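Undergrad: Below: one structure in structure tokens.
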Number of protein chains: 2
Amino acid sequence: MSYYGFMDADRIPEHPDAQTITLQQVLEALVDPVRRSIVTQLCDAPIDIKCGAFDLPVSKSTATHHFRILREAGLIRQYYLGTSRMNALRSDEIDEIFPGLLDAIVSADRESARKGGVLPKAASAAG
Amino acid sequence: MSYYGFMDADRIPEHPDAQTITLQQVLEALVDPVRRSIVTQLCDAPIDIKCGAFDLPVSKSTATHHFRILREAGLIRQYYLGTSRMNALRSDEIDEIFPGLLDAIVSADRESARKGGVLPKAASAAG
């Protein structure tokens, strides 16, 4: 059985049903600038993005923690494609529950990044 | 000089200029359910509300802390009317900086409250 082009059901992490997504969890997820950056990058990308391909100013293990918070809040859907853990924004589902919320936060985040933002640059992170 | 109908300039707390309001501070303010409730109550009220008139499940001193966070984030404008500290939502200013953000969060908060919400009832708060 080929590794590529198939999703491995056994390794797909659990996701909350759309009906159980709460505003509190969504805001707790998006109050963090790194997690907001992940969501904004997903929103701006034409395709799903694998965990290692995001531009983030944190270590791999810290990023993994942030992906988990986003997944548990219902903001992203994660799945495997071969050995890569892919990330998809659950924008349609979120928009159905909280109309306009994700768009407004992502737009505000883009505007903030344009003005200088709150995220340090990945390249200059201390070892 | 009459106490009523005039604002006492000496007692008006400091407020950030609209230009310095950041998404980070706005989200940190609105991630707290009590502060979201204050903002939603202000949004739903036809007039400004004095601090003591909000329906909140916290003590007066805790509420004062929450009002300060909201004021420092640029979400509310506080002023005195006689002996009452009044609160006004800076919705027009916020909407100019982050279009749709406040509306989306307030709408989502109303929808969450309708479903049961995250706030305990004020009446049943332990002493």
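Undergrad: Longest exposed-loop-site-free stretch of chain B, with trypsin sites (Lys or Arg not before Pro), DSSP loop and at most 16 other Cβ within 10 Å?
TA: In chain B, the maximal stretch lacking such sites is B:1-114.
Undergrad: Going toward the positive end of the dipole of chain A, with +1 on Lys and Arg Cβ and -1 on Asp and Glu Cβ, which of A:ILE94, A:THR22, A:GLN78 do you reach last?
TA: Value computed over the given set: A:GLN78.
Undergrad: Counting Lys and Arg as +1 and Asp and Glu as -1, each charge on the Cβ, what is the dipole of region B:15-62 about the Cα centre in debye, to the nearest 20?
TA: My answer is approximately 140 debye.
Undergrad: Lys and Arg at +1, Asp and Glu at -1: add these up for the other residues within a Cβ distance under 13 Å of A:PHE54 and post the number.
TA: Net charge around A:PHE54: +2.
Undergrad: Provide an ascending nm list, one decimal, of label-point separations from A:GLU72 to the equivalent residue in each further copy; define each label point as 7 Å from Cα along Cα→Cβ.
TA: Label-point distances to the other copies, shortest first: 2.8 nm.
Undergrad: Only Lys, Arg, Asp and Glu count, each charged at its Cβ (+1, +1, -1, -1), so figure out the dipole size of the protein assembly as shown about its Cα centre, rounded to 20 debye.
TA: Dipole magnitude for the protein assembly as shown comes out near 660 debye.
Undergrad: Round to a whole angstrom and tell me the spacing of the C-alpha centers of region B:20-98 and region A:20-94.
TA: Centre-to-centre distance over Cα atoms comes out at 30 Å.
Undergrad: Which of rounded, prolate, oblate describes region B:56-123, given a ≥ b ≥ c as roots of the alpha-carbon gyration tensor eigenvalues and a/c under 1.5 marking rounded, otherwise prolate only if a/b is larger than b/c?
TA: Since a/c reaches 1.5 but b/c is at least a/b, the shape of region B:56-123 is classed as oblate.
Undergrad: Could you tell me how many cubic angstrom of Cα convex hull volume the protein assembly as shown has per residue?
TA: Spread over its residues, the Cα hull of the protein assembly as shown gives 171 Å³ apiece.
Undergrad: Still on this structure: State, in angstrom, two size descriptors of region B:24-93 derived from its alpha carbons: Rg to one decimal place and Dmax to the nearest whole number.
TA: 11.1, 34
Undergrad: Right, something else. Given a 10 angstrom Cα cut-off, can you work out which residue in A:PRO99, A:PRO13, A:PRO46 is the most mobile in a GNM of chain A?
TA: Comparing A:PRO99, A:PRO13, A:PRO46 in a Gaussian network model of chain A, the most mobile one is A:PRO46.
Undergrad: State, to one decimal in nm, how far the label point of A:LYS50 lies from the label point of A:ALA88, with both points 7 Å from Cα in the Cβ direction.
TA: Going from the A:LYS50 label point to the A:ALA88 one covers 1.8 nm.
Undergrad: Another question, then. Explain nothing, just the number: dipole magnitude of region B:17-127 about its Cα centre with +1 on each Lys and Arg Cβ and -1 on each Asp and Glu Cβ, in debye rounded to the nearest 20.
TA: Magnitude of the dipole: close to 560 debye.
Undergrad: What do you get when you divide the Cα radius of gyration of chain B by 2.2 N^0.38 Å, with N the number of residues?
TA: That works out to 1.07 for chain B.
Undergrad: What translational diffusion coefficient, in µm²/s and rounded to a whole number, does the Stokes-Einstein relation yield for region A:6-60 at 4 °C and a viscosity of 1.567 mPa s, taking the hydrodynamic radius as the Kirkwood radius over Cα pairs?
TA: Approximately 96 µm²/s, per Stokes-Einstein.
Throughout, read-outs are computed from the coordinates displayed, never taken from laboratory work. Since we're looking at a predicted model, the values are computed, not measured. As a convention, Cβ positions derive from the backbone with ideal geometry for all residues, glycine included, and neighbour counts pool all protein chains shown.
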